[in-house]
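*Asks:* My questions all concern the structure below.
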Amino acid sequence: MLENFKNAFLNYLMLSDDEGTYGGIESWRISALRIMIISCYSLYSVLAIHCVIKTLEVGYYITLPVISCFYLVGSLQLWLSKSHYYLSAYSLLLSIVFAAVCINLMVQIPTLAMLGPVFIFSLPLMAFVLLGLKVGIICIIFNILPFITLLNGFQLNQYMDEHAYSEYANAYIFSLIFLFFNVCIPLAVARANVANTRLNKRITEQNVNLQLQNDFYKTLFVETEIAKLVVCSDGLVSEMNTAAEQLLHCNFKLRTQAIPISELFIDMPAQEGTNTVNLTVAGRMKMFKISRSALLKNSYYFLTIQDITAKTMLHKTLAAQSLLYRKQNLDEATRLPNRTWIEGHLKSRLSHSDIELCIVAIRIKNAEFVAQKHGFQTMPLMIRNLADQWLSETKVPCQFASVEPNNLTIVSELSDKDAQSLLKSFIEQLPKNVIIQGKKIPLDIQFGISLTDGIDDPEKLVNKALYAANSSNLDINFYDDSSLERFIEHQEINILLSEAIVNDELHIMYQPKVEGDGKLIGLEALLRWNSPVIGVVSPAVFIPIAEKSGLVTSLTRWLISNVCKQINEWQQASVELVPVAINISGADLDQDNFHEQLIKPLIEYKIRPQLIELELTESARSISHEKALSTINHLVNWGFDITIDDFGIGYSGISKLISYPVKKVKIDRQFIKNIDKDKRKAQVIEAIIAMCRVFNIQILAEGTESFAEVDTLIKLGCHNFQGYVFAKPMKAEMVSQLLLIQNVLDFNKCNLVGIVSKNH
């Protein structure tokens, strides 16, 4: 509210309006008038009120109507300051004269009464500001009268009867003079000075702009190397620069008569725009491009002339070369680059940089059927459609080529992993049928991929991609030298792993699960393999190979049997046991007798099912969801606890959370790492914890490596942990020591994992 009042008041004073006029009056004069009136009457208001009160006390009542009259006139002056400026300005000058007369007439003290006419001496200055030079000079002449009056000591108060006077009369008169000459008049003069300063600045800027326009004119027209003409509305050339004279072989400056533009050019642009015309100059046929543009004055316009003869001839030559190039490098049926072009493109890119390229060949498997049923012209359209689909779906920069009649070849900068994921996504997004010329045609395609991997022979790269597209029934097929090596390596590992299971070469490490204070609440059994042939093999290598080859079920059986055997040994040592977690794959759940294989070693070693925790990883995807759910429900009925491992890294975790009888959830390491520094991760974890509370499911944070992470997780509501910050995976002997200490010490007061890890 206060801000709005302030803005309205400043707008009323017109402080920023200098160039506008109202009824022929400069806006700054109106602004100065308003400033003077408002400052006068507002500053004098305190004196007026005090004066009225004091004079009424002594019975001098005439002051009330006189002061009221002044404020009434002042209000009218403000009201009329814009609509009747002269009336308001002249009345202000008269008010000053009237005020001087009133002081001289009504003040009884001679020395004070003589100060009244002093106000009249301000009239010339105010007149110069408000009404201009003439009125200011008239006021100077008029001031001779009060000057002579003061010299002669003439006073009007001698004609007034004596009356009581206020003891503050001296302060009133001097305050009026002080405020008038030190505030009111200076403010008005300052406003006029500001307006003058701004006006001078604008004039300076205008002069600079005029100079810039002159320089621009010289640069644009006179000194430019581009041929330009200025033409009048009647069609006569009024100006021609030197470049135009040279281009048209016309000495315009020596011509005594005006040149009609039609004499120079027959085809002229009627409006702003561009035309191309032919003209014979110096005996040679030339082609000119003429552009017409308007000038500031509507009666003139610019003509810009360019000689495009050589450019036109070059375009014709390039067009002929382009036609030949297209015949050599373009497949006429698909209108895509052909094999010659794509091999040349590959050779160029491979010779100038060390980038890795991916060549993808897309084979239309049902091409013969489509061609026979819908015509041979349909296949090129299908290939073009595939190219359009690739661009719209993948948004990956690439080059297309039609290398063979039923193939689309794509070259792009992709790694093997990126290419595989991209192609899988592309296959999922492709429609089952495409519409070609109104015909619904089934789409059946296959991909072949070759990678450069140091190969610089474009022909071999294209051939490998084409061969891979026909090499198997898979949707995506790779062909590169390293794939064969990896295949052999995987086969060797697969054979050695099978022997390792039989020869008992595997061993188990146990990683503790703890509460926030270090109390041991469980263990996870982790498979390790140190092959006597190839050395230590990471689980990240041999477990995926086992899953692909079907050995994972044998690994699970070996793991279950040896974990139960170890638990039995701990039972024999009379130590307090904690549950041991075993990872279960989707292939395990797909077995008809999996629950029997799991229960059999428990019975053999007399192990309670509550001591075995089954962890279903994100990769534990079974063929039949119904069968897997039935198996899990059967195991839960026996007393096993089900845990979802690596929760959050995929989409199936939430589905399992809802459909499976899950008791615990292990949050994946990627959400735990640096959670104390990442608010978004903390929000995700908080949401997971809230969701699990709804289902009454326990939470464990996997992969904790710092106490800062632990503290943050505890604050979020997670109190169970597994990670290097508490303990690394350890051998069974070390776990035995840990379990023995558990029987002796109070867990609420001692961090057992920390003790054992330190000793270790």
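*Asks:* If you check Leu616 against the conditions, is it under 17 Å from Leu555 (Cα atoms) and either in contact with a Pro (Cβ under 6 Å, 6 or more places away or on another chain) or hydrophobic (A, V, I, L, M, F, W, C) (or both)? I'd like the intermediate steps shown before the answer.
*Replies:* Values: under 17 Å from Leu555 (Cα atoms): yes; either in contact with a Pro (Cβ under 6 Å, 6 or more places away or on another chain) or hydrophobic (A, V, I, L, M, F, W, C) (or both): yes.
Against the criterion (under 17 Å from Leu555 (Cα atoms) and either in contact with a Pro (Cβ under 6 Å, 6 or more places away or on another chain) or hydrophobic (A, V, I, L, M, F, W, C) (or both)), Leu616 qualifies.
*Asks:* OK, next. Kindly indicate whether Thr304 is assigned to a helix (DSSP H, G or I), modelled with pLDDT of 70 or more and surrounded by 12 or more Cβ atoms within 10 Å (Cβ to Cβ). Reasoning before the result, please.
*Replies:* On the way: assigned to a helix (DSSP H, G or I): no; modelled with pLDDT of 70 or more: yes; surrounded by 12 or more Cβ atoms within 10 Å (Cβ to Cβ): yes.
In short, no.
*Asks:* For the stretch 521-572, give me the residue count where each residue is part of a helix (DSSP H, G or I), aliphatic (A, V, I, L, M) and either over 27 Å from Val665 (Cα atoms) or open to solvent by 30 Å² or more (accessible area, probe 1.4 Å) (or both). Break it down into steps so the answer makes sense when it comes.
*Replies:* Residues of the stretch 521-572 that are part of a helix (DSSP H, G or I), as a first pass: 539-549, 552-572.
Filter once more, keeping what is aliphatic (A, V, I, L, M): 540-541, 543, 545-546, 552, 555, 559-560, 563, 567.
From what's left, either over 27 Å from Val665 (Cα atoms) or open to solvent by 30 Å² or more (accessible area, probe 1.4 Å) (or both): 540-541, 543.
Counting residues in the stretch 521-572 that are part of a helix (DSSP H, G or I), aliphatic (A, V, I, L, M) and either over 27 Å from Val665 (Cα atoms) or open to solvent by 30 Å² or more (accessible area, probe 1.4 Å) (or both) gives 3.
*Asks:* Between residues in the stretch 672-698 that are closer than 22 Å to Asp641 by Cβ and residues that are surrounded by 11 or more Cβ atoms within 10 Å (Cβ to Cβ) and of a type in the set (Asp, Glu), which pairs lie under 9 Å by C-beta distance while being six or more apart or on different chains?
*Replies:* Ile672/Glu702; Ile672/Glu705; Ile672/Glu709
*Asks:* Continuing with the same structure: Residues that are modelled with pLDDT under 90, among the aromatic types (Phe, Trp, Tyr) and either open to solvent by less than 30 Å² (accessible area, probe 1.4 Å) or within 13 Å of Lys513 (Cα to Cα) (or both): does the stretch 740-759 have at least one? Please lay out each step first, then the result.
*Replies:* Here is the first cut: in the stretch 740-759, the residues modelled with pLDDT under 90 are 740-759.
This time we only want the ones that are among the aromatic types (Phe, Trp, Tyr), so: 747.
Then keep just the ones that are either open to solvent by less than 30 Å² (accessible area, probe 1.4 Å) or within 13 Å of Lys513 (Cα to Cα) (or both); that gives 747.
Taking every residue of the stretch 740-759 in turn, at least one turns out to be modelled with pLDDT under 90, among the aromatic types (Phe, Trp, Tyr) and either open to solvent by less than 30 Å² (accessible area, probe 1.4 Å) or within 13 Å of Lys513 (Cα to Cα) (or both).
*Asks:* Can we say Ile49 is among the aliphatic types (A, V, I, L, M), modelled with pLDDT of 75 or more, over 27 Å from Arg202 (Cα atoms) and open to solvent by 40 Å² or more (accessible area, probe 1.4 Å)?
*Replies:* Considered against the rule, which asks whether it is among the aliphatic types (A, V, I, L, M), modelled with pLDDT of 75 or more, over 27 Å from Arg202 (Cα atoms) and open to solvent by 40 Å² or more (accessible area, probe 1.4 Å), Ile49 comes out as yes.
*Asks:* Next up: List pairs: first in the stretch 201-212 and of a type in the set (Lys, Arg), second at pLDDT below 80 and open to solvent by 100 Å² or more (accessible area, probe 1.4 Å), Cβ under 8 Å, 6+ apart or cross-chain?
*Replies:* Arg202/Glu19
*Asks:* Could you list, in sequence order, the residues of the stretch 705-733 that are open to solvent by 10 Å² or more (accessible area, probe 1.4 Å) and part of a loop (DSSP other than H, G, I, E, B)?
*Replies:* Scanning the stretch 705-733 gives Glu705, Ser706, Gly717, His719, Tyr724, Val725, Phe726, Lys728, Pro729, Lys731.
*Asks:* Every residue in the stretch 364-383 that is more than 15 Å from Pro431 (Cα to Cα) and within 40 Å of the chain's Cα centre (by Cα), please.
*Replies:* Leu381 - this is the single residue of the stretch 364-383 that is more than 15 Å from Pro431 (Cα to Cα) and within 40 Å of the chain's Cα centre (by Cα).
*Asks:* Across the stretch 581-605, which residue is farthest from Ile545 (Cα to Cα) among those that are in contact with a strand residue (DSSP E or B) (Cβ under 6 Å, 6 or more places away or on another chain) and among the β-branched types (Val, Ile, Thr)?
*Replies:* First, pick out the residues of the stretch 581-605 that are in contact with a strand residue (DSSP E or B) (Cβ under 6 Å, 6 or more places away or on another chain): 581-584.
If we keep only those that are among the β-branched types (Val, Ile, Thr) too, we end up with 582, 584.
On the way: Ile582: 19, Ile584: 15 Å.
That would be Ile582.
*Asks:* Looking at the stretch 575-590, which of its residues are out of contact with any Lys or Arg (no Cβ under 6 Å at 6 or more places or on another chain) and in contact (Cβ under 8 Å) with a residue 40 or more places away in the chain? Working first, answer last.
*Replies:* Kept after step one, since they are out of contact with any Lys or Arg (no Cβ under 6 Å at 6 or more places or on another chain), are these residues of the stretch 575-590: 575-585, 587-590.
Scanning the stretch 575-590 gives Val575, Glu576, Leu577, Val578, Pro579, Val580, Ala581, Ile582, Asn583, Ala587, Leu589.
*Asks:* Is it true that some residue in the stretch 406-415 is touching a His at 6+ places or on another chain (Cβ under 8 Å) and closer than 14 Å to Pro458 by Cα? So that I can check it myself, show each step before the final result.
*Replies:* Of the residues in the stretch 406-415, the ones touching a His at 6+ places or on another chain (Cβ under 8 Å) are 411.
The next check asks that each one be closer than 14 Å to Pro458 by Cα; those that pass are 411.
Yes - at least one qualifying residue is present in the stretch 406-415.
*Asks:* Against the condition out of contact with any Asp or Glu (no Cβ under 7 Å at 6 or more places or on another chain) and without any contact (Cβ under 8 Å) to a residue 60 or more places away in the chain, how does Trp529 come out, does it pass?
*Replies:* Answer is no for this residue.
*Asks:* May I pose another question? Regarding the stretch 86-98, can at least one residue be identified that is modelled with pLDDT of 70 or more and in a loop (DSSP other than H, G, I, E, B)? Before you say what the answer is, go through the steps one by one.
*Replies:* First, the residues of the stretch 86-98 that are modelled with pLDDT of 70 or more: 86-98.
Subset that is in a loop (DSSP other than H, G, I, E, B): none.
For the stretch 86-98, residues modelled with pLDDT of 70 or more and in a loop (DSSP other than H, G, I, E, B): absent.
*Asks:* If you don't mind, there's one more thing I want to ask. Please work out if Ala32 is modelled with pLDDT under 75, in a helix (DSSP H, G or I) and within 29 Å of Ile173 (Cβ to Cβ).
*Replies:* Numbers: modelled with pLDDT under 75: yes; in a helix (DSSP H, G or I): yes; within 29 Å of Ile173 (Cβ to Cβ): yes.
It is true that Ala32 is modelled with pLDDT under 75, in a helix (DSSP H, G or I) and within 29 Å of Ile173 (Cβ to Cβ).
The values are calculated or read from the model by the stated rules, or taken from the named source; none is laboratory data. Please read these numbers as outputs of a predicted model, since none were measured by experiment. Positions of Cβ are backbone-derived with ideal geometry, glycine not excepted, and every protein chain shown enters the neighbour counts. When the accessible area is computed, the model is the full protein with side chains, heavy atoms only, and any ligands, DNA or RNA have been set aside. Shrake-Rupley method; radii C 1.70, N 1.55, O 1.52, S 1.80 Å.
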